[in-house]
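> Following this message is one structure expressed as structure tokens.
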Amino acid sequence: MVAEADWKSKASISGSAESNVFRNSSPEKDLVTEAEISVAHAWDWEKWSAMASFEGSSINFTDHADRNYILPQITLAVQRNLENKGWIRSGVRAKTRIDGDNYQLYDYQEYAGFVDTKLPRNDHLTLLTGYSLHNRRYDQFEEMDNLEHQLYGGLQIAMEGGRNIAFLSELGYRHYLSPLSAGTTVVRQGYRGRRIVTTGSSKESANAGQWVNSLTLSSPVIDDRTGVRLYAKYRVNFGGSNLPVNGLSADNFSTDDLFDDRYSYESREFGGMLSRTLPYAVTVRTGYDQAVKNYTETAQDSSGNAVAGSPERGDDYKRIWVRLEKSLSFSGKDRQLRLYGEYQKIWNSSNDVFNQYNATSTTAGVELLF
């Protein structure tokens, strides 16, 4: 069998001026630079293809340089091509997070295997399904080591006039590997002596499940240069509870997946985006997102104590944004340069003092595909 090999690469760099870089009630300004590079090598046969890729990103803070970290990732995948542009794809992935000496609490390694399937039934209906298994282990926070199963299925319906409807249902189930008895509190010393706390909820390893359903509608409006997309998403938990982590330091990201684990809340989410292609191949997009979240953890005051009445934490997250893009092709369209700028405004209303915040972010970036 003769294979056709091909290299694909991407490099990007962006700078973001942040008014509240850690997204919490103690706003700190910073300029964050993110550099990313990805290199992939693909092999194509008549009915099969394979790919090996490396992706690496580096996040750097101007005024909080000790928070810098990198995220390298390697993926190996093989694909069986089916009729009507369908496919079955499977592979393995390994990634790690590497922080500075003061923030090694965030460091982890994650290994995953996945199978994804796309099955077009006709010109209008496509079925999607897949499964993945993730094993994440933290270097200094072994109580959060976990094994996670993710199963999804969905369908896409293409209608006349370019309109599309997509429905996706996802089941996730996480098993924490280290036993933590009910009421047991584990304290980790974060930067500047701040405490990072997690509390056990059972006599055995904790388990957490979540069912997520989403509906997306997209359609051109007025003409084919203007489009709109609307979505709604609903999360509900089942099968136990996660291990909540509370950090009382202003240096902790309130939105980091260690502190804002999706298994820690149920939510109703919705939003939309309007896009328009302007002259000279310039694209402008603007959108709105909102998520009403109900957490399993107790709301806390500024001292880390439970709010009077011990209510569960509740957040109302809102975001508006606008993005401008310009793409340029050269070398026979084999290479593409993309310039972009984005502004976003965030409001997060919460009965947990630490998570009550506003933030703005202004970003400019350049991306090269070759």
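The values are calculated or read from the model by the stated rules, or taken from the named source; none is laboratory data. Note that the structure is predicted; figures quoted are calculated from it, not measured. Cβ sites come from the backbone with ideal geometry, for glycine too, and all protein chains shown count toward neighbours. Remember, those area values only see protein heavy atoms, side chains included, never the ligands or the DNA or RNA. Shrake-Rupley method; radii C 1.70, N 1.55, O 1.52, S 1.80 Å.
> Being exposed (fewer than 15 other Cβ atoms within 10 Å of the Cβ) and under 21 Å from Val92 (Cβ atoms) is the filter here; which residues of region 17-42 pass it?
Val39, His41
> Considering Arg136, Arg163, which residue is touching a Leu at 6+ places or on another chain (Cβ under 9 Å) and either free of Cβ contacts under 8 Å to residues at least 24 places away in the same chain or open to solvent by 60 Å² or more (accessible area, probe 1.4 Å) (or both)? Lay out the reasoning, then the answer.
Values: Arg136 fails: either free of Cβ contacts under 8 Å to residues at least 24 places away in the same chain or open to solvent by 60 Å² or more (accessible area, probe 1.4 Å) (or both).
From the options Arg136, Arg163, the qualifying one is Arg163.
> Hey, among the residues in region 200-222 that are modelled with pLDDT under 85 and open to solvent by 50 Å² or more (accessible area, probe 1.4 Å), which one's farthest from Leu128 (Cα to Cα)?
Filtering first and then ranking leaves Lys203.
> Against the condition open to solvent by 60 Å² or more (accessible area, probe 1.4 Å) and either at pLDDT 95 or above or more than 27 Å from Ala40 (Cα to Cα) (or both), how does Asp63 come out, does it pass? If you could, list the steps in order and put the result at the bottom.
Details: open to solvent by 60 Å² or more (accessible area, probe 1.4 Å): yes; either at pLDDT 95 or above or more than 27 Å from Ala40 (Cα to Cα) (or both): yes.
So Asp63 fits the description; yes.
> Additional query: Testing Val228 on (1) open to solvent by 50 Å² or more (accessible area, probe 1.4 Å); (2) at pLDDT 95 or above; (3) among the aliphatic types (A, V, I, L, M), one condition comes back false. Which one is that?
Result: Val228 passes all but (1).
> Considering only region 291-319, state which residues are within 20 Å of Arg268 (Cβ to Cβ), of a type in the set (A, V, I, L, M, F, W, C) and in a loop (DSSP other than H, G, I, E, B). It would help to see each step written out before you state the result.
Filtering region 291-319 for residues within 20 Å of Arg268 (Cβ to Cβ) gives 291-297, 299, 311-319.
Filter once more, keeping what is of a type in the set (A, V, I, L, M, F, W, C): 291-292, 299.
Ala299, the sole residue that qualifies.
Conditions tested, residue by residue: (1) farther than 26 Å from Tyr234 by Cβ; (2) out of contact with any Cys (no Cβ under 8 Å at 6 or more places or on another chain); (3) without any contact (Cβ under 8 Å) to a residue 60 or more places away in the chain; (4) assigned to a strand (DSSP E or B).
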| residue | (1), (2), (3), (4) |
| --- | --- |
| Trp321 | no, yes, yes, yes |
| Leu339 | yes, yes, yes, yes |
| Lys345 | no, yes, yes, yes |
| Ala359 | no, yes, no, yes |
| Val366 | yes, yes, no, yes |
